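The values are calculated or read from the model by the stated rules, or taken from the named source; none is laboratory data. Since the structure is predicted, the reported quantities are computational estimates derived from the model, not experimental observations. Heads up, the Cβs are rebuilt from the backbone with ideal geometry, glycines too, and the neighbour counts pull from every protein chain shown. Surface areas here come from the heavy atoms of the whole protein model, side chains and all, with no ligands, DNA or RNA. Shrake-Rupley method; radii C 1.70, N 1.55, O 1.52, S 1.80 Å.
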Amino acid sequence: HLRVTWLMSRPEYFSFLCKYIFNVNILPSQALMLHEMWHRKFPMLIASRGFGKSFILSLYAMIRALLLPERKVVIVGAAFRQSKVLFEYMETIWSSAPILRSLCSSDSGPRRDVDRCVMRINKSRITCLPLGDGQKIRGQRANDIISDEFASIPREIFETVVAGFAAVIS
C-alpha cells in the first residue's frame, strides 16, 4: 500500500489518482496538462472554448491541496463569477468522491461566504476570490496562485496585488 500511495503522488500517475481518489476519469490530454502544470513554474493553458480548462484548474488545485500538506492556493478571476465556476467544479468533485472525503478531516470541505469561497482539504486551503480592482483582497497569502482567464486581468492589478499573494514562507 505504501508503493501505491507513492505512485499516486507522482505526476505521471495523476490519472490513477483522479480515478480512485477524486472519482474523476480524465482524458490523456488532461493528464498531460496536470503533469505539465505540476512541473512548470508559470504554466499557461491555451485551448479552445469548452476544452475543460476551468475544470482541470479546479482539479489541479485540489491535487496540490491534497498532496502538499498545509498548502495555500488562491484562485482569482477577473470577476467573482469566474472564481465561483472553479469552486463549483471543486464542490462537485468533493461531493462525488467518497474516498477523498474519507481521507480528510471533519472540518474539510467546501464553504461559501459573501466575498469568497473556500475549499479545505485537511490543513490545506483553496480560496476563490473576486479580483475586481484589487483593493478588497490585499493581504492574502498563497503558495500557489491560479488565475483563470488571465487575459482579462489588468496587468497592473496582477503585478501589484495578485503577485503579492506569493510572499509566503513555506
Checklist outcome for this item: Unit-weight point scatterers at every alpha-carbon of segment 70-131, Debye formula, q = 0.14, 0.15, 0.16, 0.28 1/Å: log10 I(q)/I(0) is -0.37, -0.42, -0.47, -1.20
Checklist entry - For the modelled label position 7 Å from the Cα of His35 along Cα-to-Cβ, which residues of segment 55-81 have backbone nitrogen atoms closer than 17 Å? => result 60
Checklist outcome for this item: If the chain between Arg81 and Leu103 were fully extended at 0.36 nm per residue, the gain over the current Cα-Cα distance would be 5.0 nm
Checklist outcome for this item: With Cα coordinates, the longest principal axis of the chain makes an angle with the long axis of helix 28-39, in degrees rounded to 10, of 60 degrees
Checklist entry - What residue among Gly50, Pro110, Ile99 has its Cα farthest toward the positive end of the dipole of the chain, where the charges are +1 on Lys, Arg and -1 on Asp, Glu, each on the Cβ? => result Ile99
Next on the checklist: Helix 53-67 against the longest principal axis of the chain: what's the angle in degrees, Cα atoms only, rounded to the nearest 10?
Outcome noted: 70 degrees
Item to check | For the chain, Cys with no neighbouring Cys Cβ under 4.7 Å | outcome: Cys18, Cys104
Item to check | Descending Cα extents along the principal axes, segment 1-100, whole Å | outcome: 43, 26, 26
Checklist entry - Can you pull the percent of Cα pairs in the chain with separation above 30 Å? => result 12 percent
Checklist entry - Under a point-charge model restricted to the Cβ atoms of Lys and Arg (+1) and Asp and Glu (-1), what is the dipole moment magnitude of the chain relative to its Cα centre, in debye to the nearest 20? => result 300 debye
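Quick check on segment 1-45: what does the Kirkwood estimate of hydrodynamic radius come out to from the alpha carbon pairs, in Å?
10.9 Å
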Checklist entry - Given a Förster distance of 22 angstrom, what is the FRET efficiency for Tyr20 paired with Thr92, based on the Cβ-Cβ distance and rounded to 0.05? => result 0.80
Item to check | Hydrodynamic radius by Kirkwood, which averages 1/r over all alpha carbon pairs of segment 19-64, in angstrom | outcome: 11.1 Å
Checklist entry - How large, in percent, is the carbon and sulfur part of the accessible surface of the chain at a probe radius of 1.4 Å? => result 55 percent
Checklist entry - Which of the listed residues, Ile63, Ser9, Ile153, is farthest toward the dipole's positive end in the chain, when Lys, Arg count +1 and Asp, Glu count -1 at the beta-carbon? => result Ser9
Checklist entry - Put a dot 7 Å past each Cα toward the Cβ at Tyr13 and Arg155; how far apart are the dots in nm? => result 4.4 nm
Checklist entry - Taking R0 as 30 Å, what's the FRET efficiency between Arg49 and Val4 from their Cβ-Cβ distance, rounded to 0.05? => result 0.20
Next on the checklist: Between Val24, Val73, Val114, where does the largest GNM mean-square fluctuation fall for the chain, given springs only between Cα atoms within less than 10 Å?
Outcome noted: Val114
